[in-house]
1. Using the C-alpha atoms of region 92-131, what convex hull volume per residue, in cubic angstrom, is computed?
2. Once you put a point 7 Å from the Cα of residue 82 and another 7 Å from the Cα of residue 67, both along the Cβ direction, what distance in nm separates them?
3. Taking amide H positions as placed 1.01 Å from N in the peptide plane, with prolines and chain starts having none, which residues 5 or more places from residue 67, or on another chain, fall under 5 Å of its amide H?
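What follows draws every value from the coordinates through simple rules; no lab data is involved. None of the values given here were measured: they were computed from a predicted structure. Cβ coordinates were reconstructed from backbone atoms using ideal geometry, including for glycine residues, and neighbour counts include every protein chain displayed.
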Amino acid sequence: MVNAGNAFKGKRIGTDAYGGMAGWQAESGRIPVVADRTIVSYWCMANHESRPTFAKLHEDEIPEVWDCCRCGRPAGRLPGVEPLVDCVEPFKSHLQYVKERRSDEEAARVLEQALCNLRARRTNLGSGLAT
């Protein structure tokens, strides 16, 4: 018995038993050309290393600053050196943006309203089941 749901499990799309070529590639004997790549290391001030891959570029075309993939801070190409960033606004979390938009009193009001709505739905749901 064949399980069709797992037929492609572990296979890369576009490959088969012909040495990694499938379909028109195997029939024509043409092998796709892969562009040359450059891997560049960037370090943030927390010493996290990010290694994005670029197409083969001239040195002046590679960005000097990259966002850290772990903490989101700007990362430069030299470890331990803070990169120069055009934007002076530091990295902010979602919670920091929410706190900018609402005061503590307004947040308490919104929370209380949401809890009242939830309690009202639960009492309506409970009374609807009892009848």
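1. 56
2. Modelled inter-label distance: 2.0 nm.
3. 75
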